[in-house]
Amino acid sequence: MSSKPFSFIGEVVESAVIKAPLSFVWHFIKLQEFDKFWSAISKAEHVKGTSEETDIVRWTFKDGNVIEVKQDEHSNLEHFITFSVINAEPELSYSSVVNTIRLWPVTSGEFANTTFIRWSTRFSSDADLGVIEDAKYKRQDALKDLSKAAEKMLAEERK
């Protein structure tokens, strides 16, 4: 990653309603657990941690790309995680990217006992439109995969 100064300009926001309670969905929202739901990742491995709350995890994607992500924030109370890419092979074409995934329980109405999830990704100003569009579709696929995994876990629990 470049050490030049950057500003955030491009943002992708994807959201979904997952037909499982928040506790089932939140179970997967740990950097080292992303390979348990996101079909694009073949392996997620803990690299190191600066503390119990801050970890660096290496994601190896099925296409051969590898990125290391650093946990910037994590809240079990507010149900969100923020992480940034700190290393990539091949190297990224932009300076930085920060992701935040936040979950809310849906407590009433026709979607009661489900989870609303929002995944926002902010790119540095040197990310081009192709990068931003690619991220949009990857987030959509990841949320679909997360929905399948959480719903499967819920179905197994009900057996």
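The values are calculated or read from the model by the stated rules, or taken from the named source; none is laboratory data. As the structure is a prediction and not an experimental result, all values here were calculated from the model. Every residue, glycine among them, receives a Cβ derived from its backbone with ideal geometry; neighbour counts consider all protein chains shown.
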Notebook entry, point to check: When you go through THR100, THR54 one by one, which is the residue that is at pLDDT below 95, of a type in the set (Val, Ile, Thr), under 19 Å from GLU33 (Cα atoms) and surrounded by fewer than 19 Cβ atoms within 10 Å (Cβ to Cβ)?
Noted result: THR54
Checklist line | Scan of segment 1-30 for residues that are closer than 19 Å to LYS136 by Cα, modelled with pLDDT under 95 and not β-branched (Val, Ile, Thr), ordered by number | finding: PHE8, GLY10, GLU11
Notebook entry, point to check: Within segment 86-116, can you find the residues that are under 16 Å from the mean Cα position of the chain (by Cα) and more than 19 Å from TRP59 (Cβ to Cβ)?
Noted result: ARG102, LEU103, TRP104, THR115, PHE116
Next item on the list: From (1) at pLDDT 95 or above; (2) aliphatic (A, V, I, L, M); (3) over 30 Å from ASN113 (Cα atoms); (4) over 13 Å from the mean Cα position of the chain (by Cα), pick out the condition that doesn't hold for VAL47.
Entry: (1)
Next item on the list: Could you tell me which numbered condition THR82 fails, if it satisfies all but one of (1) touching a helix residue (DSSP H, G or I) at 6+ places or on another chain (Cβ under 9 Å); (2) closer than 23 Å to VAL17 by Cβ; (3) not in a loop (DSSP other than H, G, I, E, B)?
Entry: (1)
Check: Got at least one residue in segment 135-147 being within 15 Å of GLU11 (Cβ to Cβ), in contact with a strand residue (DSSP E or B) (Cβ under 9 Å, 6 or more places away or on another chain), assigned to a strand (DSSP E or B) and not polar (S, T, N, Q)?
Finding: no
Next item on the list: Output the number of residues of segment 85-97 satisfying the condition of being crowded, with 16+ Cβ neighbours inside 10 Å and not in a strand (DSSP E or B).
Entry: 4
